[in-house]
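S.K.: The structure that follows is given in the form of structure tokens.
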Amino acid sequence: MVKVLQIIDSLHAGGAERLAVNYANELNKNQIDSHLCATRSEGPLLQSLDEKVGYIFLNRKSTLDIVAVLRLRSYISNHKINIIHAHASSYFISTLIKLLMPKLKIAWHDHYGNSEFLEKRPTRVLRLCSRQFSHIFSVNPKLESWAKNNLLCKNVRYIKNFPVLKITNTSLTELNGENGKRVLCLANLREQKNHIRLLEAFKLIIEKHSEWTLHCVGKDFKDDYSELFFSKLNEYGLQGHVFFYNAKSDILNILQQSTIGILVSKSEGLPLALLEYGLAGLPIVCTDVGSCGELIPNSSYGILIKNDDASNIAAALNKLIEDKNYRTTSAKEFNLMVSKNYSKERVIKEVVEVG
């Protein structure tokens with residue numbers, strides 16, 4: 001019997017983390033003995049893990065935490081795991097385990113978000129570890145090509161991300177602002193996600209549409225970028241117009257209260273947030289980075305911005321705010337495309353067939 005373990009650093013509400021949980025849950029539903037390991041920290045996504053999925057938390061303290069490695073080896077041995085799905089940077093601890101247990105197979109999921117800046121990506125350790133990978137699953141064609149040219153695993157393929165929205169009955173978030181006039185940005189508070197530019201754009205929005213509000217949902221890392229974000233929010237006088245909620249697990253509930261989805265990242269792989277907007281039926285605005293252009297090939301699916309100039313973002317938002325018919329038709333087209341091409345059934349079938 002196939003027994004698969006997803007390994008991820010944390011269960012905070014990021015895209016790679018949500019995908020690791022999605023894989024664990026969906027493989028379990030496909031008659032596979034499914035498990036998940038969080039290596040460094042837990043988080044709100046633990047609530048989303050199905051009860052039938054095996055789980056271990058390592059509380060890993062350092063890169064070479066021998067106690068954590070031995071605990072993981074013991075779990076894998078006891079549960080007779082034969083395939084590891086290593087997500088993002090968890091490839092390193094997975095490689096250590098592979099060296100201790102040579103019969104294990106490693107499938108590495110490359111979720112690298114800075115795919116616009118691959119020339120700056122550190123590769124030395126990853127390249128060495130890639131000798132131990134059986135497969136590499138890249139979240140967009142650019143990362144697939146990069147892996148084939150830079151890493152030592154022969155089996156590389158583009159596997160699409162897929163969204164899963166679950167109904168939750170606890171810790172439900174209630175968004176501020178007026179119903180039907182909310183813009184949602186699902187993104188952790190990182191410089192890559194470009195929240196400052198979004199604030200600049202929304203300052204222009206409220207000059208014409210003061211009743212509209214912006215809702216930012218994502219982890220606050222309490223760092224310099226976080227300090228800058230809240231400083232700019234106050235400087236631009238956006239209190240009462242922009243609300244920040246930190247990381248949340250009730251994503252479907254939040255999406256159902258929202259009117260427009262936006263993502264203005266400087267770089268992306270294939271953003272799960274954009275797929276979740278589509279699955280929830282939201283009209284969207286997004287910058288043309290990573291594989292976002294694949295999701296929005298023309299304006300009938302939403303608005304793809306060629307650069308992140310604040311006036312361009314504001315113009316795109318104004319288009320959706322002022323043209324209700326376009327909001328409705330583009331949201332419907334985007335929903336149909338995501339449901340057809342990025343379904344969990346389609347992606348899981350492809351991954352299972354790879355082995």
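The values are calculated or read from the model by the stated rules, or taken from the named source; none is laboratory data. Just so it is clear, the model here is predicted, and its values are computed rather than measured. Virtual Cβ from ideal backbone geometry, glycine too; neighbours counted across all protein chains shown. Areas reflect the complete protein model, heavy atoms only, side chains present, ligands, DNA and RNA absent. Shrake-Rupley method; radii C 1.70, N 1.55, O 1.52, S 1.80 Å.
S.K.: Apply 1/(1 + (r/R0)^6) to the Cβ-Cβ distance of S299 and T63, taking R0 = 35 Å, and write down the FRET efficiency to the nearest 0.05. Present the calculation step by step, with values, prior to reporting the outcome.
M.R.: Numbers: r = 46 Å, r/R0 = 1.32.
After rounding to 0.05, the efficiency reads 0.15.
S.K.: Within a Cβ distance under 15 Å of L172, other residues only, what is the Lys/Arg minus Asp/Glu net charge?
M.R.: On the way: positive: K166, K248; negative: E174, D250.
Overall, the nearby charge balance is 0.
S.K.: Calculated FRET efficiency, D220 and L152, Cβ-Cβ r, R0 35 Å, to nearest 0.05?
M.R.: Details: r = 38 Å, r/R0 = 1.08.
Efficiency computed from Cβ-Cβ geometry: 0.40.
S.K.: Return the long-range amide H neighbours of Q6 (sequence gap of 5 or more, or a different chain), with a cut-off of under 5 Å between placed amide H atoms.
M.R.: Correct list: H35, L36, C37, H85.
S.K.: Now a separate question. Can you give the Rg/Rh ratio of the chain, where Rg is from the C-alpha atoms and Rh is the Kirkwood radius?
M.R.: Details: Rg = 20.4 Å, Rh = 21.0 Å.
In the chain, Rg relative to Rh is 0.97.
S.K.: Among DSSP bridges having both ends in the chain, what percentage is antiparallel? Round to the nearest 5. Write out the running numbers ahead of the final one.
M.R.: Values: 0 of 44 bridges.
Beta bridges within the chain, antiparallel portion: roughly 0 percent.
S.K.: Moving to a separate point now. Just for the Cα atoms in region 204-258, what are the lengths along the principal axes, largest first, rounded to whole Å?
M.R.: 32, 30, 13
S.K.: So, one more: Per-residue accessible area for K340 at 1.4 Å probe radius, Å² rounded to 10?
M.R.: Its heavy atoms expose roughly 150 Å² to the probe.
S.K.: Let me ask something additional. Of K142/K324; K222/K248; K166/K248; K160/K181, which pairs sit farther than 24 Å apart, going by alpha carbon to alpha carbon? Don't jump to the answer; show the numbers that get you there.
M.R.: On the way: K142/K324 35 Å; K222/K248 16 Å; K166/K248 13 Å; K160/K181 31 Å.
The answer is K142/K324; K160/K181.
S.K.: Let me know the charge dipole size of the chain about its Cα centre in debye, to the nearest 20, where only the beta-carbon of Lys, Arg (+1) and Asp, Glu (-1) is charged. Please list the in-between numbers first.
M.R.: Details: 45 positive and 36 negative charges, 295 e Å.
With Lys and Arg at +1 and Asp and Glu at -1, about 1420 debye.
S.K.: Filter the trypsin sites (Lys or Arg not before Pro) in region 166-259 to those in DSSP coil with at most 11 other Cβ atoms within 10 Å of their Cβ, and list the result. Mind showing how you got there, number by number?
M.R.: Numbers: sites: K166, K181, R182, R190, K193, R197, K203, K208, K219, K222, K232, K248; in loops: K166, K181, R190, K219, K222, K248.
Filter output for region 166-259: K222.
S.K.: In nm, give the distance between the simple-model label positions of Q256 and N30, each being 7 Å from the Cα along the Cα-to-Cβ direction.
M.R.: Distance between label points: 2.8 nm.
S.K.: Give me the extension gain from L165 to E207: residue separation times 0.36 nm, minus the current Cα-Cα distance, reported in nm with one decimal.
M.R.: Extra length from L165 to E207 when fully extended: 11.7 nm.
S.K.: Which is farthest toward the positive dipole end of the chain among G302, L151, G261, measuring Cα position about the Cα centre, with Cβ charges +1 (Lys, Arg) and -1 (Asp, Glu)?
M.R.: Farthest towards the positive end: L151.
S.K.: Which residues' amide hydrogens lie under 5 Å from the amide hydrogen of G14, considering only partners 5 or more residues apart or on another chain, with H built in the peptide plane?
M.R.: Here nothing satisfies the definition.
S.K.: Using a cut-off of 12 Å between beta-carbons, work out the net charge of the residues near E333 (Lys and Arg +1, Asp and Glu -1, E333 not included).
M.R.: Values: positive: R327, K332, K340; negative: none.
So the environment of E333 carries a net charge of +3.
S.K.: Note the full-extension length gain between K324 and L118 as 0.36 nm times their separation in residues minus their Cα-Cα distance, in nm to one decimal. Could the numbers behind the result be given before it?
M.R.: Details: separation 206, 0.36 × 206 = 74.16 nm, distance 3.88 nm.
Going from the current span to full extension adds 70.3 nm.
S.K.: Could you work out the per residue convex hull volume over the alpha carbons of region 1-109, in cubic angstrom?
M.R.: Numbers: hull volume 9.3 nm³, N = 109.
That works out to 85 Å³ per residue.
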